[in-house]
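Derivation of every value follows stated rules applied to the coordinates shown; laboratory data play no part. From a predicted model like this one, the values you see are computed outputs, not experimental measurements. Reconstructed Cβ throughout: ideal geometry from the backbone, glycine too, with neighbour counts over all protein chains shown.
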Amino acid sequence: MKSKSWLFILIPILVIIIYVSLPSNEKTKASSIAIDSSKWVQWKNDKNETLKTGEESPIEDKKNFTGLTYYPYNPFLALEMQMLKSEKSKLIKIKMNDGTEEDLILFGQLKGKFENSEISLTVFQHENGDLFIPFKDKTAPTETYGGGRYLDIPISSLHDSGILIDFNFAYNPFCAYNPNYACPVPPKENQLQVRIDAGEKFIPHE
């Protein structure tokens, strides 16, 4: 069999040539995607480690825990959306999966376009100032958790009236893995009629 080691030299050269030949704006975009996907890989690794070793982990059988399951990273599911801030911060009650209610800080409303659909999401705020978006989409309950998923967005991501919402970082609440945890249920307006094929999947235990 002839050696194909030359391929391992040629492929990186071609990648470099293609990158150099890109327009400057496309280079910036390609570089941004590489950085975002790298952050995503680190985020997944950190979460798996926390769930396997953390004291507050909802995983009961940590010994046999091998990590969570995710959709492949998709740069097209990092969406620039319009943020309509509430005129004043206020507490509103949101239902929990155990039937109780909790107060969350209402921050505003997100508006944007996904494929051919207009989507809107109510946004809440953590006590540390960062944003919290509980949502549910058409991948639930067959591929993702039936109770919905969450996004945490740094408040620093907000610029003027826009914000980048990266659904690749969508994650399941702890109650997906342990019934002893209670978690917020996405409000009706956050139950999207589209598929978001990004972020954490859910494979229930037999």
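Structure notes:
- Interchain or long-range residues, amide H under 5 Å from PHE114's placed H: ILE119
- Exceeding the 31 Å Cα-Cα cut-off - candidates LYS62/LYS188; LYS63/LYS201; LYS47/LYS95; LYS44/LYS188; LYS52/LYS136; LYS39/LYS138: LYS62/LYS188
- Low-density loop positions, trypsin sites (Lys or Arg not before Pro), the stretch 42-101 - DSSP coil, at most 15 other Cβ in 10 Å: none
- Of the chymotrypsin sites (Phe, Trp or Tyr not before Pro) found in the stretch 130-164, not one falls in a DSSP loop while having at most 13 other beta-carbon atoms within 10 Å.
- Coupling constants for the stretch 143-160 follow from the phi torsions by the Karplus curve (6.51 cos²θ - 1.76 cosθ + 1.60, θ = phi - 60°), and in residue order they are 10, 10, 4, x, x, x, 10, 10, 10, 10, 10, x, 4, 5, 6, 6, 9, 6 Hz; glycine and proline get x.
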